[in-house]
Amino acid sequence: VPEEIDENYATIEDRMIGVRQLIKDASENAREGRYIDSVELLEKTRQALSMLDQNLEELQSLCISYDQIRLAQHMPPQQNTGAMEGDE
């Protein structure tokens, strides 16, 4: 796996851990009756999820690009026979 892809996966995993902690903290605040604090953490969670979605989209694009490069490197070079279409 290219290092760039590996780093992106690590970033996504870290963001998911952060999102999980935000949700846990928001839930605790709500249980303690601190609803405004809970709402603020939920907003941070929404923003973090939006960023996570962007990271996932970028990683998808990166994986597709690497796959296209990999395929191109394994394709035999096209042979130019000099014949033009319709010369058969």
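The values are calculated or read from the model by the stated rules, or taken from the named source; none is laboratory data. Bear in mind the structure is a predicted one, so any value in this text is a computation, not a measurement. Backbone-built Cβ (ideal geometry, glycine too); neighbour counts: all protein chains shown. What goes into the accessible areas is simple: the full protein's heavy atoms, side chains included, and nothing from ligands, DNA or RNA. Shrake-Rupley method; radii C 1.70, N 1.55, O 1.52, S 1.80 Å.
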* To do: Return the carbon/sulfur percentage of the accessible area of the chain, one whole number, probe 1.4 Å, all protein chains in place.
  => 52 percent
* Structure fact -> Calculating mean projected area of the Cα convex hull in nm² from this structure picks out, from (1) 6.5; (2) 5.8; (3) 9.2, entry (3)
* **Solvent exposure of the chain as accessible area per residue, Å², 1.4 Å probe** => 86 Å²
* Structure fact -> Reported to the nearest 10 Å², VAL1 has, with a 1.4 Å probe, an accessible area equal to 140 Å²
* Filtered GluC sites (Glu not before Pro), segment 1-35: DSSP coil and at most 10 other beta carbons within 10 Å -> GLU32
* Lys and Arg at +1, Asp and Glu at -1: add these up for the other residues within a Cβ distance under 12 Å of SER27 and post the number. => 0
* Taking a 1.4 Å probe, which of SER38, SER50 shows the most accessible area, and what order do the others take after it? -> SER50, SER38
